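The next block holds one structure in the form of structure tokens; read it before the comments.
What follows draws every value from the coordinates through simple rules; no lab data is involved. Just so we're clear, the structure is a prediction, and the values are computed from it rather than from any experiment. Here the Cβ is made from the backbone with ideal geometry for all residues, glycine too, and neighbour counts use every protein chain on show.
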Amino acid sequence: MDSLSIYAARASGLHKLNPVTKFSLTLFLLVLGLALPGMWTSYLILVLIIVPLAIWGKVLDRLTRIVLTISWPFILSVFIIQTLFWGKGTTLFEFGPFAPKLEGAIFAFTSSGRILLIMADFILFSLATRPDTLMISLKQAGLYPGMAYIIVTTLQLVPQFAAKANAILNAQRARGLETQGNILVRARALLPLVMPLVIGSLMEVEERAIAIEARAFNSKHKETSLIEIPDSQVQRIVRIGMIVAALLAIVIRILWR
Amino acid sequence: MIMAIINLQNVTYKYPLTDSPALTNINLQVNEGEFVAVIGPNGAGKSTLCYAIAGFVPHFFKGELTGIVAVAGVESHQSSLHEWVLNVGLAFQNPFNQISGAKYTVFEEIAFGLENIGVPRDEMKSRVTDAMKLTSISDLADRSPYSLSGGQQQRVALTSILVMQPKVLVLDEPTSQMDPIGTREVFGVIRKLSEKGMTVVMVEHKVEWIANFADRVLALHEGKILLAGKPGDVLTSHLLTDKGFGISRYTSVARKAKEMGLWKKDGLPVTLDEAVEGFSQGRENLAPTQK
Amino acid sequence: MLDNIKKEFSTRTLVLIPIAIAINIAIGQLVYTLKLPIYLDSIGTVLVGALVGPWAGAVTGGLANLLWGVVPPPLQNAYAVPFFYVAIVIGLMAGFFGKRGVFEKESPRWLSVVIGAVFFFALALFILAFVNIDTSAGFPVYPSMKDLVAQYLVVFVLAAVIGAAIGYYLLQNGGYTGLAGLATGLVAAVISAPTSAKLFGGVTGGGTDLIVAAFRADGGSLWASVLAQGSVSDPFDKMLSFMVVWFILRSLPARFKAR
């Protein structure tokens, strides 16, 4: 699959689920991870729920690779900053002028868990669901079609755009633009990139609008869909169950304080 | 009298916030199955003419439109744009901008228009399959539209319009952004469609190609029709060079040759074949060793 | 009012929004990797607000942050997702200012100079106040303004001069736009601080972390440091974003703006 989307086509049960079910699950796990207290909650959800789901969907290897690749700068940052600059607390050890604190480490651990959960949650969803299938389901449930169009188009356009930005950046580099160095140098690298990119794309807006109008985008007819989205009574019940459980988790959170 | 399928009478149009009209007093009747090519320098109003036939002028661009623009007997200002596009298909230069972005495969991309007008699923599938066969892109069905070459994308765009079964096809410089291979592919499709009886209005710069395939040529200049008639007549007229049109290099060479007495035929050539044929006729005058 | 909302979402707007979101993400991601202490991930949002209106701007901002979490890596940035409400507000404000013609009115040059000078003066004041917090009494004691100015007079004068110059060259005749950006940035800083502190302890993995670290190192509490970082980065960042949009709007042909 081209790098245009994270979606990884697999013949798995997870992939065959209705996209709204999967999306509800994603949101449910998110609420669970953020609402339930404790520094281990996020990690528990990751190991007990997300990993088995990923195995079911035959995407565990991809999931792990992507999540670790994108989360390490954050985790590194959070550990360094929170442990070293925590302020008052229990000192773990001392070296030179630094005295990392236990409370800071715990905070960093919790924060990392949260971010890992959020990332794994959404990436698992993206790996197992083609975005337009979700939009089609939501449209059938009443979502404003313009919104569905915006979301899917954005997902396809962003990587295109980034490629364009990269091309401009490389072209400028070839002309001698410096992108490494002190802050001023890096800042100056921005402007010759931003202007052509933005203005060029704005000029495309009118043609693109004409192109979809030419495909009867604003037709008053009732839309049909080429793709058929599977659903089942069981899934409907599970979705309602998740909403209830999510509300429960929020209640627990409020009561815990 | 056969009623023209495209009928423009005294059409004048001004874009909003502009002082001078983009089109003035355009009169054009196109019969069913005809292939009309439109030529002209930049700013002549060629794109505006396309938009007028396709209904985007005035519905999309607003502005002031006077006169009659009718396709198959229905006037454009009496229709809404989303109904009008079902009768008139429009494709233009930039293939990338014609991809909706809302679909992940070529097959679905082509079906996009049919989904919007509510065609039942089975009919959609057969219409898309047939249209893809017509434009020879059946092998691209599962590809992402963004992974295609320019020529392929343009053919997908054409197919996406064709699948809606318009009565008339309007093409605004469909090969201007193509490489030679892409150009050949796209021209191939357009020619096939025309031979099957589709009414086509096409803006194009590649004069040699027009000469071979167009039934009629329209030369636009500053929003008015300068010349209209058979390709052979229009494309070799002096008026074109006077007004700054690009003309075929064969024409300019032959014109020079005519001045030097080396071109014996009456009319001037537009295409390579015509030039070869015309120059061959003058070979009787050459010395035997040069034959 | 529903009609006003509907009117904003023409086909052109529906096509513009994905492009604007792509602008947000492409530039924002670039800035993130260049580790500059700003965000610059709202240019698209402000653009849509200015060109179309508040509702379109709000949708652009909200969706941009939410979708930033699900675009394929290396563009993906989950950190932006919880701040979607901030982006919505930025879009609303940009649209609000856009409708009032702020992006079109030319301001006198001296206004830009004043704005720059005042902003940098306030910035210096803010930073120095934090640096000089006295925690010996067990709770933070902020030094008085008079003492600060007297102690660091040179710094303040320098800040005002630099600010004036930046105002003159950067803001030019876009003083009103710059001011609108500043205001939006301040609002953004305030409403994003709670989330920033609560969720991630003020850390993003980007260049702004350095500012948080600096404030923490000087004894600032978590909350205060995050708010401080936001107050330093956000107003400047939004002012910059607004100015970029101002420059872009001036470079567009008139026909484009008639929508």
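Determine ³J(HN,Hα), in whole Hz, for all residues of the stretch B:84-99 in sequence, where each value follows from phi through the Karplus function 6.51 cos²θ - 1.76 cosθ + 1.60 and θ = phi - 60°; x replaces Gly and Pro.
4, 5, 6, 8, 10, x, 10, 10, 9, 4, 7, x, 4, 6, 8, 7
What is the ratio of the Cα radius of gyration of the stretch C:39-110 to 2.2 N^0.38 Å, with N the residue count, to two decimals?
Compared with the compact-globule rule of thumb, the stretch C:39-110 sits at 1.22.
Which percent of Cα-Cα pairs in chain A sits in each 5 Å bin, short to long?
1, 5, 9, 11, 12, 13, 13, 12, 11, 8, 4, 1, 1, 0, 0
Please report, in whole Å, how far the alpha carbons of chain B spread along each principal axis, starting with the longest.
So the extents along the principal axes, rounded to whole Å, are 71, 46, 39.
Give the dimensionless ratio obtained when the Cα radius of gyration of the stretch A:112-167 is divided by 2.2 N^0.38 Å. It would help to have the intermediate numbers written out before the result.
Values: Rg = 14.2 Å, N = 56, 2.2 N^0.38 = 10.2 Å.
Ratio of Cα Rg to 2.2 N^0.38 Å: 1.40.
Listed here are the pairs B:K133/B:K206; A:K220/C:K7; B:K46/B:K230; B:K206/B:K243; B:K206/B:K265; which of them are more than 20 Å apart at the Cα? The partial results should precede the final answer.
Values: B:K133/B:K206 26 Å; A:K220/C:K7 17 Å; B:K46/B:K230 18 Å; B:K206/B:K243 18 Å; B:K206/B:K265 24 Å.
Beyond 20 Å: B:K133/B:K206; B:K206/B:K265.
Show which lysines lie in cross-link reach of B:K167 when reach means a straight Cα distance below 17 angstrom and same-chain residues fewer than eight apart are skipped.
Filter leaves B:K192, B:K196.
How far, in degrees from 0 to 90, does helix B:121-134 lean away from the longest principal axis of the Cα atoms of chain B, to the nearest 10?
Between helix and principal axis, roughly 10 degrees.
Which residues' amide hydrogens lie under 5 Å from the amide hydrogen of B:E34, considering only partners 5 or more residues apart or on another chain, with H built in the peptide plane?
It is B:V200, by chain and number.
Just to confirm a number: summing +1 for Lys and Arg and -1 for Asp and Glu over residues other than B:G33 whose beta-carbon lies under 10 angstrom from that of B:G33, what do you get?
-3
Suppose each label sits 7 Å from its Cα in the direction of the beta carbon; what would the C:L153-B:D266 distance come out to in nanometres?
Roughly 10.0 nm, to one decimal.
Once you order the gyration tensor axes a ≥ b ≥ c over the Cα atoms, which shape class does the stretch A:101-233 get: rounded for a/c under 1.5, otherwise prolate or oblate by comparing a/b with b/c?
Judged from the Cα gyration tensor, the stretch A:101-233 comes out oblate (a/c at least 1.5, b/c at or above a/b).
Kindly write out, for the stretch B:6-22 in residue order, the coupling ³J(HN,Hα) from the Karplus curve 6.51 cos²θ - 1.76 cosθ + 1.60 (θ = phi - 60°), rounded to whole Hz, with x marking Gly and Pro.
Going residue by residue, I get 10, 9, 10, 10, 6, 7, 10, 9, 10, 5, x, 6, 10, 8, 9, x, 7 Hz, with x marking Gly and Pro.
Excluding B:K230 itself, calculate the net charge of residues whose Cβ lies under 10 Å from the Cβ of B:K230, where each Lys or Arg counts +1 and each Asp or Glu counts -1.
So the environment of B:K230 carries a net charge of -1.
Evaluate E = 1/(1 + (r/R0)^6) for B:D19 and B:E259, where r is the Cβ-Cβ distance and R0 equals 30 Å; express this FRET efficiency to the nearest 0.05.
0.10
Can you return the aspartates and glutamates within cross-link range of A:K22? Criterion is Cα-Cα under 14 Å, with same-chain partners fewer than 8 residues away left out.
Within reach: A:D121, A:D132, A:D231.
Once Rh for the protein assembly as shown is found with the Kirkwood sum over Cα pairs, what is the Stokes-Einstein diffusion coefficient at 25 °C and 0.890 mPa s, in µm²/s?
The Stokes-Einstein estimate is 82 µm²/s.
In terms of modelled amide H atoms, which long-range or inter-chain residues lie less than 5 Å from the amide H of B:L227?
B:A219
Give the cross-link partners of A:K101 among the lysines, using a straight C-alpha distance below 17 Å as the criterion and excluding same-chain residues fewer than 8 apart.
Output for A:K101: A:K88.
In percent, how large is the relative contact order of chain A, given Cα pairs closer than 8 Å and 6 or more residues apart?
31
Please list 3J(HN,Hα) in residue order for the stretch A:61-68, calculated via the Karplus relation 6.51 cos²θ - 1.76 cosθ + 1.60 where θ = phi - 60°; whole Hz, with x for glycine and proline.
5, 4, 4, 4, 4, 5, 4, 5
Please compute the contact order of chain B in relative form: average sequence separation of alpha-carbon pairs under 8 Å and at least six residues apart, divided by the residue count, as a percent.
21 percent.
Under Stokes-Einstein, with the Kirkwood radius over Cα pairs standing in for Rh, what whole-number D in µm²/s applies to the stretch A:19-166 at 37 °C and 0.692 mPa s? Numbers along the way, then the final one.
Values: Rh = 17.7 Å.
Rounded, D is 186 µm²/s.
Can you compute the FRET efficiency between C:V190 and A:V51 using 1/(1 + (r/R0)^6), with r the Cβ-Cβ distance and R0 = 30 Å? Round to the nearest 0.05.
After rounding, the FRET efficiency stands at 0.15.
State, to one decimal in nm, how far the label point of A:K164 lies from the label point of A:T69, with both points 7 Å from Cα in the Cβ direction.
2.4
How many nm is it between the label spots at A:S232 and C:L252, if each spot is 7 Å from the Cα in line with the beta carbon?
5.0
How shielded is C:78-89 by partner chains, expressed as the average number of their Cβ atoms within 10 Å of its Cβ atoms? Write out the running numbers ahead of the final one.
Details: counts 12, 6, 0, 4, 3, 0, 0, 0, 0, 0, 0, 0.
If you average over the peptide's residues, the count of other-chain Cβ atoms is 2.
Does the stretch B:32-77 come out rounded, prolate or oblate by the C-alpha gyration tensor, with a ≥ b ≥ c the root eigenvalues, rounded set by a/c under 1.5 and, if not, prolate when a/b is larger than b/c and oblate if not?
Oblate.
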